[in-house]
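Remarks on the structure that follows.
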Amino acid sequence: MYKVLIVEDTLAIREEIYDILLMEGYEVFQAENGLIGFDVALKEQPDLIISDILMPGLSGFEMFEKLQTNKKTASIPLIFLSAKAEREDIRTGMNLGAEDYLTKPLNINDLLIAVANKINKKLIIDQNIIDKTAALSKILQNQKNELDNYSHLISHELKSSLRNISDLLTWSQEDRDETNNFQDATINFQLMEDKIEKMDLLLAKLEQYNNITSATFKNKLVNSNTIVKQIINETHNSPAVTIKIKNELPTLFIDGNMLGKVFEILIENALDYINKKNGLIEIACEITDKDYIFSIIDNGIGIHPKYHEKIFEMFQPFESTKSQTIGLSMVKKIISHYNGQVYLKSTPNVETIFYFNLPISEVSPANQIN
């Protein structure tokens, strides 16, 4: 049941409006002046206020200004009533932000239509606020989850590496003091160097991930076929693996560097997990009514189905991988910027297919306004 507050110093008019709205199913409150009206509005939080302008104590205009300065009542719409439709009154009311203006004597149909319209408008605005708040809450929760994962990773990976380096230094010192044998010390120093390189790579990937923000995307017309060929030339150094572009890839309105990063990560990921003498990677694109659907297929070791979702989450390790999944989480972050999705299908020891879709509405050159 929607609430309506009537603020009117003339009892007969106030009760007439009260009876009309009560019969229409509204919960109705009354106030005989602006001072009382403000207090009732603060207490009852009505969905709409109908107020006279000229009242003793506190006028309708003054009451409305007071309502607008209070966070609890600022969003309540108001319809002004006046015995005469003077332009100056209408202009003053509209400048204050009043939703409508009705003149006395009231037309019942005009009153009911105005009340229904203003309440419906308020409901739409309130729902939009709820939706935006929920969306913001989801974004903040995702950011919190990423921060928690980041803290966990730093705590586990870097501390583990530093602990290993400390142990290796201790052992090297002991070997030198006890046996004067520098061979084992050399091996230990090489292991320390590997650990330091791992930490450096981890921090570099984290920096890359954190640098992917909305402000970093600079869209322009790019040919994805050209980008993929360049990535293949720069990353492909295994004679046992053949990389093919299955069909002509489209021209898109997109950030070329970001798209290149996506293909670079997915191609390198495929190369890392091909253990066959005749390895094969195929890149293709299918165009539907709504999406460009890219695929990267390899005939490597595959990924167990239980990891198909986990693999894209920030810093989540899974069996048989050579590193954390920061790279794949970067792919997800980039594709999500264009309202796309990334997913995979895999049969262990047969093939793995990584898919990502880019909505035509987001990246098609034909939909861009010059």
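The values are calculated or read from the model by the stated rules, or taken from the named source; none is laboratory data. Just so it is clear, the model here is predicted, and its values are computed rather than measured. Note: accessible area is taken over every heavy atom of the protein model, side chains too, but ligands, DNA and RNA are not part of it. Shrake-Rupley method; radii C 1.70, N 1.55, O 1.52, S 1.80 Å.
Determine the order of Glu24, Glu8, Glu44, Glu15 by accessible area, beginning with the largest, at a probe radius of 1.4 Å.
In descending accessible area the options line up as Glu24, Glu15, Glu44, Glu8.
Suppose the chain between Asp9 and Ala134 were pulled fully straight at 0.36 nm per residue; how much longer would it get relative to their current alpha carbon spacing?
Gain in length upon complete extension: 40.8 nm.
In whole angstrom, note down how far apart the Cα centers of segment 263-313 and segment 220-244 are.
With segment 263-313 and segment 220-244 each reduced to a Cα centre, they are spaced 14 Å.
Would you rank His236, His304 by solvent-accessible area, highest first, keeping every protein chain in place and using a 1.4 Å probe?
Highest to lowest solvent-accessible surface, that is His304, His236.
Using protein chains only and a probe of 1.4 angstrom, how many square angstrom of Met258 are accessible, to the nearest 10?
Answer for Met258: close to 30 Å² accessible.
Given Lys138/Lys220; Lys43/Lys118; Lys244/Lys345; Lys277/Lys310; Lys229/Lys345; Lys72/Lys104, which pairs have Cα atoms separated by over 26 Å?
Going by Cα-Cα distance, Lys138/Lys220; Lys277/Lys310; Lys72/Lys104 fall outside the 26 Å limit.
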